[in-house]
1. May I ask you to list the residues in segment 110-125 that are in contact with a Ser or Thr (Cβ under 9 Å, 6 or more places away or on another chain) and open to solvent by less than 30 Å² (accessible area, probe 1.4 Å)?
2. Within segment 123-146, does at least one residue satisfy the condition of being touching a residue at least 12 places away in the same chain (Cβ under 8 Å), among the hydroxyl-bearing types (Ser, Thr, Tyr) and in contact with a Leu (Cβ under 8 Å, 6 or more places away or on another chain)?
3. If you take the residues in segment 1-35 that are part of a loop (DSSP other than H, G, I, E, B) and hydrophobic (A, V, I, L, M, F, W, C), which one is modelled with the lowest pLDDT?
4. Kindly indicate whether any position in segment 55-65 is in contact (Cβ under 8 Å) with a residue 40 or more places away in the chain and closer than 15 Å to Gly12 by Cα.
5. Quick check, is Asp11 open to solvent by 50 Å² or more (accessible area, probe 1.4 Å) and either charged (D, E, K, R) or touching a strand residue (DSSP E or B) at 6+ places or on another chain (Cβ under 6 Å) (or both)?
6. Might you let me know whether segment 33-56 holds any residue that is of a type in the set (Asp, Glu) and more than 24 Å from Val89 (Cα to Cα)?
7. Can you name the residue in segment 126-140 that is at pLDDT 85 or above and over 20 Å from Gly47 (Cα atoms) and, of all such residues, is most open to solvent (accessible area, probe 1.4 Å)?
Amino acid sequence: MARRCVFMDRDGVINEKPRPGEYIESWAEFKLIPAAVDWIRLFNALGLLVIVVTNQRGVALGRVNPKELNRMHARMRKQLAGLGARIEVSDSGHGIAPEHLHRVYDPFFTTKAARKGTGLGLSVTYGIIQEHGGSIEVSNRRGGGACFRVELPLAVPGSARKPVTAA
């Protein structure tokens with residue numbers, strides 16, 4: 001199934017663009033454009049995948065530290081996710097065996113040795129996300145590793161859940 005997506009340039013669309021020849025070298029210099037959050041929320045509500053594109057010229061010229069750039073992008077993703085954007089987590093491990101992909105959310109399913117895991121983590125995660133009207137998907141990445149995508153609906157004013165009290 002093909003998904004519709006929107007590509008957004010980081011500099012000048014997500015954050016304030018630096019002057020020519022200057023580069024954002026740290027999170028302290030990163031200034032999120034408030035309207036960008038609104039656009040990302042709208043695109044998410046329309047079912048569009050938002051892909052943020054960034055030019056790594058500063059890294060190529062040796063002006064920006066690649067590790068700092070990765071930290072800055074991680075904070076940007078975290079901040080945007082906290083404002084209602086989709087969350088995607090991936091790793092570079094060996095992935096999940098194809099025969100296990102359909103079972104990873106089953107209670108007590110684990111591939112670990114006895115007494116090394118209960119198999120409840122993803123089952124509980126799945127339940128919490130479903131309870132909040134969201135979804136979670138898992139797939140293997142082409143180059144290796146697994147990728148989990150979590151989508152939660154945007155909060156609607158006045159729709160907060162009532163706290164549960166013990167009887």
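1. Correct list: Gly119 only.
2. yes
3. Met1
4. yes
5. The answer is no for Asp11.
6. No: zero hits.
7. Selected residue: Tyr126.
One line per residue, one yes/no per condition, for (1) in contact with a Ser or Thr (Cβ under 7 Å, 6 or more places away or on another chain); (2) free of Cβ contacts under 8 Å to residues at least 40 places away in the same chain; (3) open to solvent by less than 30 Å² (accessible area, probe 1.4 Å); (4) within 21 Å of Gly145 (Cα to Cα):
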{"residue": "Leu49", "(1), (2), (3), (4)": "no, no, no, yes"}
{"residue": "Arg77", "(1), (2), (3), (4)": "no, yes, no, yes"}
{"residue": "Leu101", "(1), (2), (3), (4)": "no, yes, no, yes"}
{"residue": "Pro107", "(1), (2), (3), (4)": "yes, yes, no, no"}
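The values are calculated or read from the model by the stated rules, or taken from the named source; none is laboratory data. Everything numeric in this text was worked out from a predicted model, so none of it was measured. Neighbour counts are summed over all protein chains in view; Cβ atoms, including those assigned to glycine, are modelled from backbone coordinates with ideal geometry. Keep in mind that these areas ignore ligands, DNA and RNA; they rest on the heavy atoms of the full protein, side chains included. Shrake-Rupley method; radii C 1.70, N 1.55, O 1.52, S 1.80 Å.
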